[in-house]
Amino acid sequence: MFKINKITSHPTVDFAAEELKKYLRMMMPDAGEIIIKYAPDAPDGFRLGLMADFGLDVSEAEDVSKDDILHIDTDAEGGIIAGSNPRSVLLAVYKYLSMNDCRWLFPGVDGEFIPVKDVAPSSFHKMADNRIRGWCNEGAEFQQCMIDAIDFAPKIGLNTFMLEFFNPTVYYSWYYNHLHNQKNREAEPVTRATTLQWKRQCEAEIVKRGLVFSDVGHGWTNVPFDAHDEEFFEKGYATIPEENKKFLALVNGRREFFTNGNPNNTNAGRPGHTNMCFSNEEGRKKVVDFVVNYAKKAPHVDLLCFSLADSKNNHCECEECIKKTPSDWLVILLNEIDEELTKLGLDTRIRFSNYLHTLWAPKTERLKNPKRFFQSLAAISREYWRTIPDELPDIPLREYVHNKIVLPNKLEENMLYAFEWQKLCKTPLAAYEYHFYINQYMSPNPLRYAKITHDDVKGYHRFGFTGIIEDGTQRPFFPNGLTLYVYAQTLFDVNADFDALVEDYLSHAYGEDWQKVKEYFESLDKVFNHKYLAGYGLMGSASDPYYSPEEAAKMRGIIPLNEEFAPFVKAHKNMPYRAQTVAYRLLDKYMELWEKMSKPLILKALGADYEAKIEFNKFLDDFGKYEVELERYYDQHMFGMGFDKRFGGKLEIMNIAAR
């Protein structure tokens, strides 16, 4: 009989033991019950605990609470499964199971590949190459997908999870109102109270797994003034107490919610897109007090993300605010926050973003206590059809022009701005990325996009970044989770071989004939040009980059390609493992998606814009009939949002701006 002995007493180690038991029972269904005990002196069985409790060397870690070391030394009956911290113990359990051929291909039970076999002796020791290996919520969220995503993250080696906003009502509303699928699904509005409860549930699941919890992001420039995005998404407009309007940024002579290009439609103004008047000391004190009070209530938050308002060219134009850049005002605020946290003895770490206006480094202000802070580059304007070059360019950086910023579209240029920040403020630097935002839908071949992501992870590490947090949908699994798997594995080991990762994932997902699937994916590159779909091809003119009869002719090739491949998929729809059956059925629907999506794309490439818009909306209505079937893996709203601007589609009636 197998035994699991907990050497260390900690809730996350308790959970790790339960996970080990569950999967061992699944792998060896006839092996009998497995007893779990707290037994710090146990000499046999599986022994789970901190490396320090086993007397194992952890000197390679700069900080054992932040650096994940996994140590495995087992035989056929048990052995040591340990980590440098409780989270690492859980990660080591999943690593041990993966060494025994378990895989988590998709979230949920249907994505588990658990072989029936006896466990084999295993040996492994490695510290993760990146300290931050994260995922952040965005997209159209429903609560079960959030719980599944948090559960899935450590199974593929991620150690960080971020929940954006004080209350992510916006993301839940995108799903529950079914904004890109109203023909097939009736709206199910959810209240702010419900979504706040759901966020707290997510927090509990994150803490249970010992994951690094990064919290909030945008909202600090509006919520302290009692102005809420949640109200905007519930009612279509937002309010602010009259006495707090003086704290709003003065833009175009008005102190009101920023309307993002619609100055005559005040109902379009979003609090979360509205900056504050940074020179107003009373307003800054309200923000500082709000941060401090939040930190007091949230000791479970490891990285409190402090971002200014979303959207651009929305900073205060009053005569005092324009004397400093937004980055200088950000540093002033951060120093004031640090001063108050220090007085109270709170060690809360603050992550701030180089994002939009704060991409430019401060001119005069400097962080007084860099140890409290963590810097992240959010290069949202970058291109995603290409990766980081081997060397950074030697080019002059653009000067900051107040409310007239032009963002760089090359990742390497964005990095140069971040390094200027780092030189002046001396903080660790990570990336906040968008691979799983709408960019993923521009590469029908998932292998191509997975390779770009793989190279990006390696490139960031090469230039000294300490990790990545990915902003994007919790459902990037259509047709599979290859890119997320490659992302997680490469973050842990930057020397991971891409081709080996592809074979590992595809062979488990599609079985012994996986190479046929790989060939199909590669063939999609002959039909769909990634650079063209991403809008960087300039095939026609600068005003219409999508006009290209040549690309239209290529895209017509999707029909014969699918006709040739369809019999193979049909023959593999029922597989020995449930996860493989899911993988092939997703592939079948994926083929249908791109065949139907080719119609509006071809019309657009031929310059038939009106017909393309009609066809795109028909596609959303037609393919939306599968949403319930596919919703664990495919984000209908996020896919639609990715192409809305191109076709002038559903977004026109949504009365919201994505970014």
Quiz item: Got at least one residue in the stretch 10-27 being in contact with a Phe, Trp or Tyr (Cβ under 6 Å, 6 or more places away or on another chain) and in a loop (DSSP other than H, G, I, E, B)?
Solution: no
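Tally the residues that are over 26 Å from the mean Cα position of the chain (by Cα) and not β-branched (Val, Ile, Thr), restricting the search to the stretch 228-250.
Taking the stretch 228-250 first, the residues over 26 Å from the mean Cα position of the chain (by Cα) are 235-250.
Those left that are additionally not β-branched (Val, Ile, Thr): 235-238, 241-250.
Going through the stretch 228-250 one residue at a time, the tally reaches 14.
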Quiz item: From the list Lys117, Lys66, Lys95, which one is at pLDDT 95 or above, basic (Lys, Arg) and more than 24 Å from the chain's Cα centre (by Cα)?
Solution: Lys117
Quiz item: Among the candidates Glu230, Glu242, Glu234, which residue alone is more than 29 Å from Tyr485 (Cβ to Cβ), outside the structural domain of Thr348 (by TED's automatic domain parsing) and touching a Pro at 6+ places or on another chain (Cβ under 8 Å)?
Solution: Glu234
Quiz item: Among the residues of the stretch 33-48, is there at least one that is at pLDDT 95 or above, outside any loop (DSSP other than H, G, I, E, B) and of a type in the set (Val, Ile, Thr)?
Solution: yes
Quiz item: Right, Phe290: part of a helix (DSSP H, G or I) and touching a helix residue (DSSP H, G or I) at 6+ places or on another chain (Cβ under 8 Å) or not?
Solution: yes
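May I ask you to verify whether Asp499 is assigned by TED's automatic domain parsing to the domain that holds Asn439 and among the acidic types (Asp, Glu)?
Details: assigned by TED's automatic domain parsing to the domain that holds Asn439: yes; among the acidic types (Asp, Glu): yes.
So Asp499 passes the test.
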Self-check item: Number of the condition not met by Pro393 [criteria: (1) closer than 25 Å to Cys316 by Cβ; (2) part of a loop (DSSP other than H, G, I, E, B)]
Solution: (1)
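Looking at the stretch 305-339, which of its residues are aliphatic (A, V, I, L, M) and either surrounded by fewer than 19 Cβ atoms within 10 Å (Cβ to Cβ) or more than 28 Å from the chain's Cα centre (by Cα) (or both)?
Residues of the stretch 305-339 that are aliphatic (A, V, I, L, M), as a first pass: 308-309, 322, 330-334, 337.
Those that are aliphatic (A, V, I, L, M) and either surrounded by fewer than 19 Cβ atoms within 10 Å (Cβ to Cβ) or more than 28 Å from the chain's Cα centre (by Cα) (or both): Ile322, Ile332.
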Quiz item: Considering the stretch 497-522 alone, what residues qualify as being in contact (Cβ under 8 Å) with a residue 40 or more places away in the chain, in contact with a helix residue (DSSP H, G or I) (Cβ under 7 Å, 6 or more places away or on another chain) and of a type outside the set (Lys, Arg)?
Solution: Phe498, Leu501, Val502, Tyr505, Ala509, Tyr510, Gly511, Val517, Tyr520, Phe521, Glu522
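Kindly evaluate Ala61 against the criterion of being in contact with a strand residue (DSSP E or B) (Cβ under 7 Å, 6 or more places away or on another chain) and in a loop (DSSP other than H, G, I, E, B). Quick ask: steps written out before the conclusion?
Details: in contact with a strand residue (DSSP E or B) (Cβ under 7 Å, 6 or more places away or on another chain): yes; in a loop (DSSP other than H, G, I, E, B): yes.
Judged against the criteria, Ala61 is a match.
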Exercise. Taking the residues in the stretch 543-571 that are within 31 Å of the chain's Cα centre (by Cα) and at pLDDT below 95 as candidates, determine which candidate is nearest to Leu593 (Cα to Cα).
Key: Tyr546
Quiz prompt | Scan of the stretch 151-163 for residues that are among the aliphatic types (A, V, I, L, M) and within 15 Å of Glu112 (Cα to Cα), ordered by number | solution = Ala153, Ile156
Quiz item: Which of (1) among the hydroxyl-bearing types (Ser, Thr, Tyr); (2) free of Cβ contacts under 8 Å to residues at least 60 places away in the same chain; (3) not in a helix (DSSP H, G or I) is the odd one out, the single condition Ser311 does not satisfy?
Solution: (2)
Quiz item: Here is a list of conditions, (1) more than 27 Å from Asp101 (Cβ to Cβ); (2) of a type in the set (A, V, I, L, M, F, W, C); (3) in contact (Cβ under 8 Å) with a residue 60 or more places away in the chain, and Ala579 meets all of them except one; can you say which number that is?
Solution: (1)
Quiz prompt | Conditions (1) over 25 Å from the mean Cα position of the chain (by Cα); (2) surrounded by 15 or more Cβ atoms within 10 Å (Cβ to Cβ): number failed by Val401 | solution = (2)
Quiz prompt | Residue, nearest to Ala534 (Cα to Cα), within the stretch 582-608, restricted to residues that are without any contact (Cβ under 8 Å) to a residue 24 or more places away in the chain and of a type in the set (D, E, K, R) | solution = Lys599
Exercise. Report the residue count in the stretch 340-388 for those that are surrounded by 17 or more Cβ atoms within 10 Å (Cβ to Cβ), of a type in the set (A, V, I, L, M) and not in a strand (DSSP E or B).
Key: 9
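Being acidic (Asp, Glu) and either modelled with pLDDT of 50 or more or surrounded by 23 or more Cβ atoms within 10 Å (Cβ to Cβ) (or both) is the filter here, so list the residues in the stretch 639-658 that pass it.
Here is the first cut: in the stretch 639-658, the ones acidic (Asp, Glu) are 644, 652.
Within the stretch 639-658, Asp644 is the sole residue that qualifies.
The values are calculated or read from the model by the stated rules, or taken from the named source; none is laboratory data. Just so it is clear, the structure is predicted and the values come from calculations on it, not from any experiment. Counting neighbours? That spans all protein chains shown, and the Cβs are built from the backbone with ideal geometry, glycine included.
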